[in-house]
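Structure first, commentary second.
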Amino acid sequence: MKLLWSSAADNTSRQSEAVYIPEVDLEDFESYTVGGYHPIVIGDTFQNGRYEIAHKLGFGGYSTIWLTRDNAFNRHVSLKVLVASESSQNSEAKILRQLRSVDTLHPGQQFIPHLLDEFSIEGPNGRHICLVQEAAGCSIAASKEDFANLMFPTETARSIAAQLIMGVAYLHSQGICHGDLHLRNILFRNPHLGDLRPDMLYQSYRLDQAPIIRVDGAAVEPHAPPYAIYPMHMNMPADKLIDPIITISDYGTSFMLAAERSPELHTPPLFLPPEDFFQEPITLAADIWTLGVGLYEILGERCLFETFNGDQDDIIADIISTLGRPPARWWDKWKNRKEFFTPDGSWIHGLERIYTPVFRPLHQRMWDMGRGTTPETCEWDVEGGEMQALEKLLREMLAFEPSERPTAEQLMGSEYMVRWAIPAWEQQLERNKAA
């Protein structure tokens, strides 16, 4: 099995060799080096002054994303600046162009972002590809975190589920696997952000910064900026969203089916499909698994799979607790299986681990979604069939064998989609027309 997370010894070694003093909720300052992030501060301009940095939208391991003033069209846009080491081989712009160049009536195309512009810049850390897109709002994950009970209203959740399934179905119809469909890559559109006047920006969104400091006290420039910007807080709590529309973002690790080699996934561990743990080929079915995990969290309160430490073995054990025993080739290959299961496959109780997965099958987890714990209180109208339909759908999407998972097009015709998700989306469209 491949190592997905660094060991404590690796972390200790990394810390001992650290160049910068780290800060919480900011990008990894160690990536301000040759091949890494481009140093950016508020007010920087690109393309002969056309694009002016106004705020930070976010960051990832391979890019920083900025709210940028497009002075040519007098609007705010999103500017994604890739790390230099990935810029020469990154196919995100190509994929976005392909997805938007097709003339189709597929309902999922509307959930794909527009690539407005692309260019490259040279800096002290190398050459960086820059992608300009429409400025979006916060992620699904951030919206849930902004509301105490972590849940969307029922109709809102159903509509989001419909939009996401339609969007993935469109991607797959074009032979593209997203490869990183977790809830921080699904954004809500913010129709007001693009048109927000510059003089109102910082009244609406605080501009907080922290100095970047080297451990040895030396100057950080030119490889790092003198300060880092905290991402702007969109404040779009789940319970306050009115008829949200999603955008499926971040195609940095997406790939086309025609690719000759299986890609490396960078999805958060709790969303990873089991074939990745066991080093088997990644196909479109990986998106179906990740989508299933995400739908459970969108439609309910909590994550489907849970660990406190992100340990690979704990995640595998929790998946088995939820879905049952995996295929024999994986079961036999799992070296640390004996820490959780007896030779006959029985669950070991009283494990001496920091975190011990609890045997909790999928049917039980459906009741743990936060929508009610009895048929009398459950908001999902158990007698009417929604809970059963959703459980059936998730069980199919989370089949261990990738070949046994439904296609995205089959999801479009599923009972849950037809009877609950699509009607919620259509009702949202009707309200928007009437407004």
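Of note:
- Rounded if a/c under 1.5, otherwise prolate or oblate - the chain, Cα gyration tensor axes: oblate
- Over the chain: helical MRE at 222 nm, DSSP H runs n ≥ 4 each giving -39500 (n - 2.57), nearest 500: -8500 deg cm²/dmol
- Anisotropy class of the stretch 187-269 from Cα gyration tensor, a/c 1.5 cut: oblate
- Point-to-point label distance, V418-R97, nm (Cα→Cβ direction, 7 Å offset): 4.0
- Accessible surface of the chain, 1.4 Å probe, proportion on carbon and sulfur as whole %: 52
- Contact order relative to length of the chain, as percent, for alpha carbon pairs under 8 angstrom and 6 or more apart: 17
- Proximal charge balance of Q428 [Cβ under 14 Å; K/R count +1, D/E count -1]: 0
- Mean Kyte hydropathy of 0.5 or more with a Cα span along the axis of at least 27 Å, helices from DSSP in the chain: 154-173
- Rounded to 0.05, the FRET efficiency of the A258 and H106 pair, given R0 = 22 Å and the Cβ-Cβ distance, is 0.65.
- Which of R395, R100 is most accessible, then next, and so on - probe 1.4 Å: R395, R100
- Separation of alpha-carbon centers, the stretch 394-432 and the stretch 322-337, rounded to whole Å: 28
- Counted charge near Y32, where neighbours are those whose Cβ lies closer than 14 Å (Asp, Glu -1; Lys, Arg +1): -4
- Mean Cβ count within 10 Å, highest first, over the residues of peptides 419-427, 117-125: 419-427, 117-125
- Equivalent ellipsoid semi-axes, the stretch 154-207, via Cα gyration tensor eigenvalues times 5, rooted, Å: 30, 15, 11
- For the stretch 93-215, the pair-distance distribution built from all alpha carbon pairs, in bins 5 Å wide starting at 0, is 2, 8, 13, 17, 18, 17, 13, 8, 4, 1, 0, 0 percent.
- Of the residues H178, Y205, G194, the one whose Cα sits farthest towards the positive end of the charge dipole of the stretch 104-219 is H178 (charges of +1 on Lys and Arg Cβ, -1 on Asp and Glu Cβ, taken about the Cα centre).
- Counting only protein heavy atoms and a 1.4 Å probe, the chain has 46 square angstrom of accessible area per residue.
- In terms of its alpha-carbon gyration tensor, the stretch 112-176 comes out oblate; a/c meets the 1.5 threshold, while b/c is at least as large as a/b.
- Peptides ranked, highest mean first, by Cβ atoms within 10 Å: ranges 227-235, 335-343: 227-235, 335-343
- Local net charge near E297, Cβ-Cβ under 13 Å (Lys/Arg +1, Asp/Glu -1): +1
The values are calculated or read from the model by the stated rules, or taken from the named source; none is laboratory data. Treat the numbers as computed from the prediction; the structure is a model and nothing was measured. Cβ sites come from the backbone with ideal geometry, for glycine too, and all protein chains shown count toward neighbours. Heavy atoms of the whole protein, side chains included, go into the accessibility calculation; ligands, DNA and RNA do not. Shrake-Rupley method; radii C 1.70, N 1.55, O 1.52, S 1.80 Å.
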